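Everything below concerns the one structure shown next.
The values are calculated or read from the model by the stated rules, or taken from the named source; none is laboratory data. Computed from a predicted model, the values in this text were never measured in an experiment. Reconstructed Cβ throughout: ideal geometry from the backbone, glycine too, with neighbour counts over all protein chains shown.
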Amino acid sequence: MAWAVAATVVVTILIGTFAPASHGRSGHGAAAIDASCAEWSDGCTICQRYGEETACSLPGIACVPQAKQCLRHSGG
């Protein structure tokens, strides 16, 4: 039984690592945010801009997104 659980965990990790990323939600709407905004949130996720790339947190359980709001502008 323990081997089956361990194998399931390993397979899940490998799928998450090697599966192609979904490009439809890349940046969680970075294009909709002013280019001077370095950090924004929709109440569910927080995203930060790193040059041309963005990184976002995962949404909470049963979160209902609101309008995106800039939390911090570049340089400040």
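Points worth noting:
- Residue list for the range 50-71, filter: assigned to a loop (DSSP other than H, G, I, E, B) and farther than 12 Å from W40 by Cα: G51, E52, L58, P59, G60, I61, A62, C63, V64, P65
- Among the residues making up the range 60-74, those that are at pLDDT 90 or above and of a type in the set (S, T, N, Q) are Q66, Q69.
- Failed item in (1) at pLDDT 90 or above; (2) in contact with a helix residue (DSSP H, G or I) (Cβ under 9 Å, 6 or more places away or on another chain); (3) of a type outside the set (G, A, S), with T8 passing the rest: (2)
- Contact map, the range 30-44: residues that are over 12 Å from Q69 (Cβ atoms) and surrounded by 14 or more Cβ atoms within 10 Å (Cβ to Cβ) paired with residues that are of a type in the set (V, I, T) and modelled with pLDDT of 85 or more, Cβ distance under 6 Å, separation 6+ or inter-chain. Pairs shown: A30/T54.
- Residue within the range 38-50 that is modelled with pLDDT under 90 and β-branched (V, I, T) present: no
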